[in-house]
Amino acid sequence: MYHIMEINKIRLKLYFNIIRKIHNVDLSDIPKVAVANIRKILRQKGFAVQDGFTSVTTKCTICTDEKIEQKKIENKLYVNKTTGFFICPKCNIHGDWNMLERLMKKSKIEGSIKEYISELQQKIESFQKDWKTVLENTTSIVDLSEIEVLDLFRLFEYPYYEESRKVLSDVRVSKDHTVLYFPLKNSLDNVVGFRKIQAGKEDETENCGLYAAGLFHCRATKTSRNDMGILVPNIQDVLHLAASKVPGTLIWLNNCSLPPILLPTLENYQKLCLWGDWDNMRSVAEKLGEERCRFVRPTDGLVTATEAANANLSLKTLVSEAKPAAHRSITTFAALRDDVYAELTNIDKVRGVKWRRFPGLTRLLGGHRRGELTVLTGPTGCGKTTLCAEMSLDLATQGVTTLWGSFEIRNSRLARTMLQQFAGVPLEQNLQDFTKFADDFQKLPIYYLAFHGQQPIKVVMEAVEHARYMHDLAHVVVDNVQFMLGLGDERDGDRYLRQDAVIAAFRTFATARHTHVTLVMHPRKERESEDLSTSSIFGSAKASQEADNVLIIQDKRLTAVRGKKYLQVAKNRYSGDLGIVPLDFDKDSLSYQPKKKPKSKDEPDKLLNQCFEEYSLEERNYDSFSNINRATKTQKNKNKHNEADTFLSDILNLNRTR
C-alpha cells in the first residue's frame, strides 16, 4: 500500500503540476528548454516543423501509433513557443515539454507515459458520456418556437432579433428553459467542453469538460470570411455583431481571459480583431501575436460592442476601422491621437480599479492602475504585510489577477490572514463556516510564489514572467525586497547595487508587461520620534525615484499618549495628490477597513416617518393624533403660564423680604 501511494505521488508531481487547488507558482512549472531549441530539437528527431503565430506544428506520434485513418483526419501536434506545452486536437493528448522529449527519444512509449495516456483517454470517454447525457436531456435552441426563444432571451437579458436561433444553433437548452449549454470546440471543431449558464447567475459561468477545452464561436448568417476572428468578452456582444452582419467568426472570450492551452484553437486565423477592455485585451494580443491583432478603440467612452450598439453606432464600420494593437515606432502625435482621445473619453477607467475597503486611498490615488510601481514601507511590526494583503484582496475580489511573492512569511500563514480578512470574522470561532469561506476564497484570482527565504532575482523574475504569461497577471506583490539581496555577510556596497538591480528589474517588468508591481520594503533605522519620509527607505534613492507611488505607514502609538497609526501617501505621480488615510485595526477580522458610523441626522426623520405610518392610514388614527397634538399644546401653554406665575411670585416675595 505504501509503494502504491508513493507511485501515485510521483505521477501527480510529474504530470499534474499545473492543476492544483492551491494556486502555487513553482520553478517546476517553468519550461527548462529555450524557445529557439524547440524547433531545432524537433527537426533533429526527423519531424517536419511548420512555424505558426504562437505554436510550432508537427505530426502527433501518438495518433500515428494508434493507426487511425490519418488521411481523413488531420493529426497535428501544437507545441507552444513560450512554454513548450503540447496538445493534439485529434486525440486530446497534452503535456509539458519534458514529456514530449521523452516521447521523441525512445521508439517505444514508457510504461508511466502509457498509464498517463490511458488516464487521459478515460477522461475523454467520461466527458463524451457527460456530453451525450446533456444532449439527451436538453433541446436545441433551433427546435424552440419563436415565443419560447423570445421568453428565453428576456430571461437571460440577451438582445433578440429574427436570426438569433440560427446563430446560436449549437446551444442547448434545459427542459425548464433556465440553463443554457454553450459547446466549446477546438481547432478541429470537436466538442471538448461546454459552458453552463444558469438564469439569475449569468456572472457565475461554469466550464465543464476536458482540460484542453475549446472556445465557443459562431458566424452571422450569409457572411463568409474564414481568415478573420472577432474576440469579444460576452455573448451579448456576439449577438449584436451577428445582428449587424459583421463578416468573420465571432468568438466568445469569457471575461477577456485566454489561457495558453486555447492558443491552438486560434492558430488558423490570419487576422484577429479584439473588442473589449484594452487593459485586459493587451495581454491577449501579446499571446496571439501583435502583428495579426487589431483593436477596436473606445468611441466616446463606449468600450464594448453592446455599448456601441445601444448608441446606434455602425458595428461594421467600427470593425473595419480597427487599429493595430501596438505601434512599432511612435514618433508623432498623430500616432498617439487615438490613445489620448480614448483616455479623455474614458477618464474614470483610466484612473484604475477603485479600492472598496479604502475609500480614502481611492480619493488620493484615484485607483489601482496597471504599469505602475508602488513602494510600501513602515517600521518593523507596524502591519505592512497585513495591510498589503487586504489591499490586494480588495482588488482580487474585483477581478484583478494577483501574484503574491511572500518571502518573509509562509504562504499558508498569508493565505490564512487573507481568508480571515475575506470572511470578516475570526476563523477559529467559526469553524463550521470554514468550508464555505474557503470555497468562495478559492475562486478568487490569487496565486502564490512557492518560495521562502532569500532568493536570487533571476529565479524570481523567471517565475513572475511565466505566471504573467499563464494567468494574465494584473498585480504582483513582493514582500519584501530585502530577501532578494543575497546573504548578509557580503559587502554593503554590493548590497546597495543589488537592490538597485532588483528595483530596475521590477520597474522594467511593470512598464513592459503592463502590470502593477507593489514592493514592500523596510526603512532605515530612524529615531522613533521622527516621521518616516521617502528618504527613509532602505538603500539608495533609486526606490523612491523609480516608484510611481510611495506609501508610508506612520505608527505613533508608542511615541505619543494619543498616538494613531495612519497611511501616508508621500508620492503620487499620477495626480500629485498627497495626504493621509487613518488606519484602525480590527483584530477579529484582521482588517484596516474603516468602520461605518451610524448617521445620527437620520434618527429624527425615522421617528417622523414612523409617526406618519402609524397615524395616517385611518381617519380614526388621524383624529386621535390631532387630539394628542391639541392636548400637548394645551399642556405646554399651561406649563408656560405656571412658569410665568411662579416667576412673578418669586419677585414679589423677594421685594417683601427687602
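Remark: C-alpha extents of the range 188-229 on the principal axes read 34, 25, 13 Å, sorted largest to smallest. Once you have a ≥ b ≥ c as the square roots of the Cα gyration tensor eigenvalues for the range 367-428, tell me rounded if a/c is under 1.5, and otherwise prolate or oblate according to whether a/b is larger than b/c. Here the range 367-428 falls in the oblate category. Computed from the C-beta positions of residue 45 and residue 564, the FRET efficiency with R₀ = 45 Å rounds to 0.10. Using 0.36 nm per residue and subtracting the Cα-Cα separation, the extra length available between residue 176 and residue 290 on full extension is 36.6 nm. Taken along its principal axes, the alpha carbon cloud of the range 240-317 reaches lengths of 36, 25, 22 Å, longest axis first.
Cross-link pairs exceeding 27 Å in C-alpha to C-alpha distance, out of 45/185; 458/565; 458/542; 443/564; 123/458, comprise 45/185; 458/565; 443/564; 123/458.
When only C-alpha pairs under 8 Å and at least 6 residues apart count, what is the relative contact order of the range 121-223, in percent? Numbers along the way, then the final one.
Numbers: 138 pairs, mean separation 24.4, N = 103.
Over the range 121-223, the number comes to 24 percent.
Fully extending the segment from residue 311 to residue 144 would add 57.1 nm, taking 0.36 nm per residue of separation and subtracting the current Cα-Cα distance. Extending 7 Å from the Cα toward the beta-carbon at both residue 198 and residue 37 defines two label points whose distance is 4.9 nm.
Spin-label model, residue 530 to residue 122: label points 7 Å out along the Cα-to-beta-carbon direction sit 6.8 nm apart. With a simple spin-label model that places each label point 7 Å from the Cα along the Cα-to-Cβ direction, the separation between residue 221 and residue 450 comes to 5.3 nm. Taking every Cα-Cα distance in the range 348-392 and sorting them into 5 Å bins from zero, the calculated P(r) comes out as 5, 19, 25, 27, 14, 6, 2, 0 percent.
For the range 149-280, the share of accessible area belonging to carbon and sulfur comes to 43 percent (1.4 Å probe, ligands and nucleic acids excluded).
Once the chain from residue 132 to residue 207 is taken as fully extended at 0.36 nm per residue, the excess over their C-alpha distance is 25.4 nm. The value for the range 398-554 of Rg(Cα) / (2.2 N^0.38 Å) is 1.16.
Over all directions, the projected convex hull of the C-alpha atoms in the range 95-156 averages 7.2 nm² in area. Kirkwood analysis of the range 178-302, using all unique Cα-Cα pairs, places the hydrodynamic radius at 15.0 Å.
For the range 173-272, the solvent-accessible area with a 1.4 angstrom probe is 38 square angstrom per residue. Binning the alpha carbon pair distances of the range 347-477 at 5 angstrom intervals from zero yields the distribution 2, 9, 17, 22, 21, 16, 9, 3, 0, expressed in whole percent. Report the FRET efficiency, 1/(1 + (r/R0)^6), for residue 348 and residue 413, where r is their Cβ-Cβ distance and R0 is 35 Å, rounded to 0.05. Rounded to the nearest 0.05, the efficiency is 0.40. Only protein heavy atoms count here; under a 1.4 Å probe, residue 47 has an accessible surface of about 50 Å².
In this view, the solvent-accessible surface of residue 457, computed with a 1.4 Å probe and all protein chains in place, comes to about 50 Å².
The values are calculated or read from the model by the stated rules, or taken from the named source; none is laboratory data. Here the structure is a predicted model, which means the values were calculated and not measured. Positions of Cβ are backbone-derived with ideal geometry, glycine not excepted, and every protein chain shown enters the neighbour counts. Ligands, DNA and RNA are stripped out before the accessible areas are found, and what is left, the full protein with its side chains, is counted by its heavy atoms. Shrake-Rupley method; radii C 1.70, N 1.55, O 1.52, S 1.80 Å.
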